[in-house]
Amino acid sequence: MRFTDKVCIVTGGGSGIGRATAQRLASEGGRVLVVDVNQQGAKETVEGIERVGGTAAVSVADVGDAAAVKAAVGQAQQLWGKVDVLVNNAAMMTFASVVDTTIEEWDKLMAINLRGPFLFCKHAIPLMGQHSAIVNVSSVHAHQTEADVSPYAASKGGLEAFTRVLAIEMEDRKIRVNCVAPGAVNTPMLWNNPNVKSGVEKVRGAVGEPADLAAAIAFLASEEARFVTGTTLVVDGGRLDIL
């Protein structure tokens, strides 16, 4: 039970990797604040955790909204008094060329994918003690990408750079900061990709399950990874090796 009595915040916890991560942390004793803009999804995650005896609560928030993020972190503090684990998983993706991407689409994606992790770190870190952990969810698109996803790829590359800097800043506080970079995962984000739907983009290599990513995230968030910080763990079933 690696997370007994630990308070965990998981963004984008209403589905996919976020839901699996919230379930995994709760199954190992964590008290989990499930943050999602989709109230129903977050509620279903919490209900699933509670059905098997876990502890969780719903927080409805747009992660790009500074006031909403501050309120979500405050909810964790009010409920449980601290934060031990922060998983920045919430993200969105767009599918258009640079020329066809609107400024509004670019700004919205950056607000969720990059501003959101910054805001949660900014507000959660003051509540985190020594040996706490932050895990940011990046993507293989930060390493090898394709046409028509420039905002997403840029945001994930930025998130990995942000992780490296924050890990240095948190060294004296003994808070570890890492990333995971998923490949193709069986989530709505993958199958709702219009390029995948149309067959323009072929899903090459293995498709992982959300639980596979949750296991990697839980490792990085646990004391088993006490000597790991400032790095990105690629969890892609070898996808980058075959591209």
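The values are calculated or read from the model by the stated rules, or taken from the named source; none is laboratory data. Nothing here was measured: the structure is a model prediction, and the numbers come from that model. Note that each Cβ is placed from the backbone with ideal geometry, even for glycine, and that neighbours are counted across all protein chains shown.
Given the residues THR55, THR101, THR94, THR145, which is the only one that is under 30 Å from PHE227 (Cβ atoms) and surrounded by fewer than 19 Cβ atoms within 10 Å (Cβ to Cβ)? Reasoning before the result, please.
Working: THR101 fails: under 30 Å from PHE227 (Cβ atoms); THR94 fails: under 30 Å from PHE227 (Cβ atoms); THR145 fails: under 30 Å from PHE227 (Cβ atoms).
Matching residue, one of THR55, THR101, THR94, THR145: THR55.
Which residues, counting only those in region 186-231, are outside any loop (DSSP other than H, G, I, E, B), at pLDDT 85 or above and of a type in the set (Val, Ile, Thr)?
Hit for region 186-231 is ILE217, nothing else.
Mind checking which residues of region 147-191 are among the hydrophobic types (A, V, I, L, M, F, W, C), more than 19 Å from MET110 (Cβ to Cβ) and free of Cβ contacts under 8 Å to residues at least 12 places away in the same chain?
TRP191, the sole residue that qualifies.
Is there any pair linking a residue in region 228-240 that is closer than 8 Å to VAL140 by Cα to one that is of a type in the set (S, T, N, Q) and outside any helix (DSSP H, G or I), with Cβ under 6 Å and at least six apart or on different chains, and which?
LEU240/GLN144
If you check SER139 against the conditions, is it within 14 Å of the chain's Cα centre (by Cα), modelled with pLDDT of 95 or more and either surrounded by 18 or more Cβ atoms within 10 Å (Cβ to Cβ) or aliphatic (A, V, I, L, M) (or both)?
yes
Pick from ALA124, ALA111: which is out of contact with any helix residue (DSSP H, G or I) (no Cβ under 9 Å at 6 or more places or on another chain) and either at positive phi or buried (at least 16 other Cβ atoms within 10 Å of the Cβ) (or both)?
Numbers: ALA124 fails: out of contact with any helix residue (DSSP H, G or I) (no Cβ under 9 Å at 6 or more places or on another chain).
Only one candidate qualifies: ALA111.
When region 15-34 is examined, which residues are found to be within 17 Å of GLU209 (Cβ to Cβ) and either part of a strand (DSSP E or B) or touching a Lys or Arg at 6+ places or on another chain (Cβ under 9 Å) (or both)?
Step one: filter region 15-34 for residues within 17 Å of GLU209 (Cβ to Cβ), giving 15-25, 27.
Passing the criteria: only LEU25.
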